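FYI, it's all coordinate maths here, none of it is from the lab. Predicted model only: the values in this text are computed from it and were never measured. Counting neighbours? That spans all protein chains shown, and the Cβs are built from the backbone with ideal geometry, glycine included.
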Amino acid sequence: MKTLSKFKLVLTISTLALVTLFSIQTASAVLFTDVDSNHPYLPAIRFLKQNGIVQGYSDGSFQPSREVNRAEALKILTLSQKILTEGAASEDAEVLFMEESSANTDVNFDLVDVPTEAWYYKYVFQAFKNNIISGYSDRTFRGGNTVNLAEAVKMLLETNNVELPDPDTIVKDPFKDAYKNEWYAPYLQWAKNNYVLIANMDLRVHPEQDITRQEIANLIYRFYSLEEDQIYGRASYYADFFDGRTTASGEIFRQDEFTAAHLTLPFGTMLKVANLENNKSVVVRITDRGPYDKRFVVDLSKTAFETISPLSRGVIQVYYEIIYIP
């Protein structure tokens with residue numbers, strides 16, 4: 001009886017230890033208290049946190065829907081460039097900014113509303129020195145003002161010295177509500193061409209709308225995540241007419257399976273396909289040939305498509321990467 005009691009005691013202690021360990025691991029795995037595993041911008045926010053670009057607030061939140069002001073935007077963008085392009089550690093980047101802003105004798109920094117003791121001084125100075133910003137005509141920076149999408153894209157591209165298209169070569173509006181004759185057209189055209197900026201369901205991007213923390217995180221994530229082995233384009237899904245028919249591989253096509261068609265990849269190849277609008281992804285197996293429209297890069301089964309987008313979309317912008325070739 002005593003032996004059984006000891007066994008129960010050991011089992012109870014072991015169970016409590018496992019539960020405690022699991023709780024600690026689960027807590028440590030939480031990114032921010034207000035960013036759960038289903039958050040549409042989770043990959044972007046996680047990318048910035050893992051690289052030391054954002055830390056969140058003292059209460060453990062990220063406040064993804066909070067609008068970004070000019071000072072905050074410059075901090076995030078200049079840190080991103082220093083860390084992700086130049087390879088500096090987060091703490092080293094902060095030190096470099098401080099040293100450069102302290103030794104500013106050769107820079108005519110004359111923004112009257114940016115005192116040296118302001119927390120954002122070093123970031124504004126960095127951007128001013130590199131001609132990313134110049135201030136307003138009254139020599140103010142207005143760091144508390146919000147930033148709209150067009151301004152954020154401009155800051156991102158200029159921070160990284162991107163070569164923009166000549167405005168004279170832009171013959172069509174970049175987006176339904178972003179016009180070719182506006183000052184921001186070259187920036188938005190580049191962002192569109194390189195899949196940094198994706199239109200919403202209404203085919204608009206709302207360039208004048210103030211940008212939020214989750215949205216600027218997504219811009220940065222897309223810009224720095226562009227990879228040569230990722231293929232970008234459009235994707236759609238099979239019509240029900242094809243359900244039960246034989247595919248080019250000889251397999252029977254089923255709408256409820258995670259399969260896809262590709263023009264050239266070997267049958268059995270596994271792809272990760274991601275929706276650029278919401279960052280959701282799905283893994284599919286190639287069993288068929290197509291699509292034959294050059295604007296499209298892959299055709300998905302209805303189940304696979306529905307995993308990353310409402311069926312009502314019909315066509316979405318995606319990228320795919322190969323994760324296995326037989």
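When only the Cβ of Lys, Arg, Asp and Glu is charged (+1, +1, -1, -1), the dipole of the stretch 231-324 relative to its Cα centre reaches about 220 debye.
For Gln63, the residues whose modelled amide H falls within less than 5 Å of its own, excluding neighbours fewer than 5 places apart on the same chain, are Asp34.
Inter-label distance, Glu306 to Lys129: 5.6 nm, where each label sits 7 Å from its Cα along the C-beta direction.
The modelled label-to-label distance between Ala118 and Asp92, using points 7 Å beyond Cα along the C-beta direction, is 2.9 nm.
Nearest 0.05, what FRET efficiency do Val107 and Arg66 give at R0 = 35 Å with Cβ-Cβ as r?
Values: r = 31 Å, r/R0 = 0.90.
Given R0 = 35 Å and the Cβ-Cβ separation, E is 0.65.
Taking a point 7 Å out from the Cα of Phe267 in the direction of its Cβ, the residues of the stretch 282-326 whose backbone N falls within less than 12 Å of it are 286-289.
Near Arg213, once Lys and Arg are set to +1 and Asp and Glu to -1 for all other residues with Cβ below 10 Å from its Cβ, the sum equals -2.
In this label model, Tyr292 and Asp166 are separated by 3.9 nm, measuring between points 7 Å along each Cα→Cβ vector. Of the GluC sites (Glu not before Pro) found in the stretch 186-258, those that fall in a DSSP loop while having at most 11 other beta-carbon atoms within 10 Å are Glu227, Glu228. Counting only residues at least eight positions apart within a chain, or on another chain, the lysines with an alpha carbon under 27 Å from that of Lys302 are Lys192, Lys272, Lys280, Lys294. For Arg204 and Phe241, a Förster radius of 22 Å and the Cβ-Cβ distance give a FRET efficiency of 0.10, rounded to the nearest 0.05.
As a quick test, which of the pairs Lys154/Lys176; Lys129/Lys154; Lys49/Lys176; Lys49/Lys75; Lys82/Lys129 have an alpha carbon distance above 23 angstrom in this structure?
Values: Lys154/Lys176 19 Å; Lys129/Lys154 16 Å; Lys49/Lys176 33 Å; Lys49/Lys75 14 Å; Lys82/Lys129 14 Å.
With Cα atoms farther than 23 Å apart: Lys49/Lys176.
Subtracting the Cα-Cα distance of Val315 and Asp36 from their residue separation scaled by 0.36 nm leaves 97.7 nm. Under 19 Å from a label point set 7 Å out along the Cα-to-Cβ vector of Phe258, the amide N atoms of the stretch 292-326 belong to 298-311, 318-326.
Dipole of the stretch 171-326 (Lys/Arg Cβ +1, Asp/Glu Cβ -1, origin at the Cα centre): which of Val318, Ser301, Tyr179 lies farthest to the positive side? Result: Tyr179.
Give me the number: length gained by fully extending Asp177 to Ser58, i.e. 0.36 nm times residue separation minus the C-alpha to C-alpha distance, one decimal in nm.
Details: separation 119, 0.36 × 119 = 42.84 nm, distance 3.80 nm.
Working it through step by step, the gained length comes to 39.0 nm.
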